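Peer 1: My structure is below; once you've seen it, I'll send some questions.
The values are calculated or read from the model by the stated rules, or taken from the named source; none is laboratory data. Model, not experiment: these values are computed from the prediction. So basically every Cβ, Gly included, is an ideal-geometry build from the backbone, and we count neighbours across all protein chains shown.
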Amino acid sequence: MIEKYRDLWLHRELLWNMTVKELKVKYKRSVLGFVWSFMTPMIMLAVFSLVFTFLAKNQDMHWFVVYLMCGLLPWLFFVNSLMQSVGSVVANAGLVKKVYFPREILPIAAVGANIFHFVMQMLVFFVFLLIIQWHFSIYILLFPLVLLLEIVLALGMSLFVAAANVYLRDVQHFVEVATMAWFWLTPIVYTMATFRNMFSSHPQMAGVFTRIYLLNPMTNIALMWQYIIYNPHRYGPSAAYISLWGIAYTTVGSFLLLFAAYYYFTRSERGFAEQI
């Protein structure tokens, strides 16, 4: 494995070039180009805010649109990384068959391109927050750590699905369907208070289902983004939920997933040329 890491490091320039290529291909022949990086989530945010604002009517929340954005942008980064990575090896069949290079560069480059999009979107979002004179908490300093954790999770998932899709093309279709369901199982358009209120008539079950719910790593990541940016203690106490157990589980699980997925990918790549 150490040799694989060294090989990947030696091909870092190729990784950079592949990442740039992913960015250029996405907006090829596009008039607006990279402007779409932040226009798409802004349009989705406008639609979601109109449809789901009623969710905050009976809650002590202000600027529900900001709350939505805090979960929506990280979710878009995660799901777009998966969707672009899952078919990255198959889409570059000619390159895989003819030229030697670390094959993991393909899904990693897809994630890298989406990191760029995410940073662009966050910059626009923070400009908006500064315009409305948003009050940030000290926890905003944890921004790089939360981003790093989500990148680790995205890389792990991307490496796994990219390798699996070479041998079973149904994986790509499964990812499309699974991410649709996954979205609604993550507190993006609703708060943890909304979820826990579902069990108000059975309070003894609320704790059990909450722990099960927190097994979703994107739940904990979304909660962290909302906690450090939305500043719920000031703008919406009902959204002020964080689980130290969930953070620890997601952190350990994400790094273990990355190592396991990288190992699985490097073991599986031996048969890529024959399968595609």
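Peer 1: Looking at the stretch 11-37, I want the residues that are surrounded by 16 or more Cβ atoms within 10 Å (Cβ to Cβ) and among the polar types (S, T, N, Q) and have a partner that is outside any helix (DSSP H, G or I) and modelled with pLDDT of 65 or more with Cβ atoms under 9 Å, at least 6 apart or on another chain. Which pairs are those?
Peer 2: S37/Y27
Peer 1: If you don't mind, another one. Name the residue, out of L8, L45, L14, that is modelled with pLDDT of 80 or more, in a helix (DSSP H, G or I) and more than 11 Å from A113 (Cα to Cα).
Peer 2: Testing whether each residue is modelled with pLDDT of 80 or more, in a helix (DSSP H, G or I) and more than 11 Å from A113 (Cα to Cα) leaves just L14.
Peer 1: Any idea which residue in the stretch 221-276 is nearest to V166 (Cα to Cα), counting only those that are in a loop (DSSP other than H, G, I, E, B) and either among the polar types (S, T, N, Q) or in contact (Cβ under 8 Å) with a residue 24 or more places away in the chain (or both)?
Peer 2: Filtering the stretch 221-276 for residues in a loop (DSSP other than H, G, I, E, B) gives 231, 236, 240-243, 276.
In the following step, the residues that additionally are either among the polar types (S, T, N, Q) or in contact (Cβ under 8 Å) with a residue 24 or more places away in the chain (or both) were identified as 231, 236, 241, 243, 276.
Numbers: N231: 43, G236: 45, Y241: 40, S243: 37, I276: 7 Å.
Among those residues, the one meeting the criterion is I276.
Peer 1: For G207, are the conditions met, namely being at pLDDT below 90, farther than 30 Å from Q275 by Cα, small (G, A, S) and in a helix (DSSP H, G or I)? Lay out the reasoning, then the answer.
Peer 2: Numbers: at pLDDT below 90: yes; farther than 30 Å from Q275 by Cα: yes; small (G, A, S): yes; in a helix (DSSP H, G or I): yes.
For G207, the condition - at pLDDT below 90, farther than 30 Å from Q275 by Cα, small (G, A, S) and in a helix (DSSP H, G or I) - is met.
Peer 1: Would you please list the contacts, defined by Cβ atoms under 8 Å and residues six or more apart or on different chains, that run from a residue in the stretch 127-145 that is β-branched (V, I, T) to a residue that is surrounded by 15 or more Cβ atoms within 10 Å (Cβ to Cβ) and not in a loop (DSSP other than H, G, I, E, B)?
Peer 2: I140/I228; I140/I229
Peer 1: Examine the stretch 243-263 for a residue that is hydroxyl-bearing (S, T, Y), surrounded by fewer than 21 Cβ atoms within 10 Å (Cβ to Cβ) and within 26 Å of V90 (Cα to Cα), and state whether such a residue exists.
Peer 2: Looking through the stretch 243-263, at least one residue is hydroxyl-bearing (S, T, Y), surrounded by fewer than 21 Cβ atoms within 10 Å (Cβ to Cβ) and within 26 Å of V90 (Cα to Cα).
Peer 1: I would also like to ask the following. If I filter the stretch 149-190 down to residues being under 13 Å from the mean Cα position of the chain (by Cα) and part of a loop (DSSP other than H, G, I, E, B), which single residue comes out as surrounded by the most Cβ atoms within 10 Å (Cβ to Cβ)?
Peer 2: I188
Peer 1: Then there is this: Please report, ordered by residue number, the helices (runs of 4 or more DSSP H) entirely within the stretch 56-118 with at least 2 residues that are crowded, with 23+ Cβ neighbours inside 10 Å. Full working, then the answer.
Peer 2: Values: elements: 64-86, 88-91, 93-98.
Those helices (runs of 4 or more DSSP H) span 64-86, 88-91.
Peer 1: Right, another one. Could you check L106 against (1) at pLDDT below 85; (2) over 17 Å from the mean Cα position of the chain (by Cα); (3) hydrophobic (A, V, I, L, M, F, W, C) and say which number it fails?
Peer 2: L106 satisfies every listed condition except (1).
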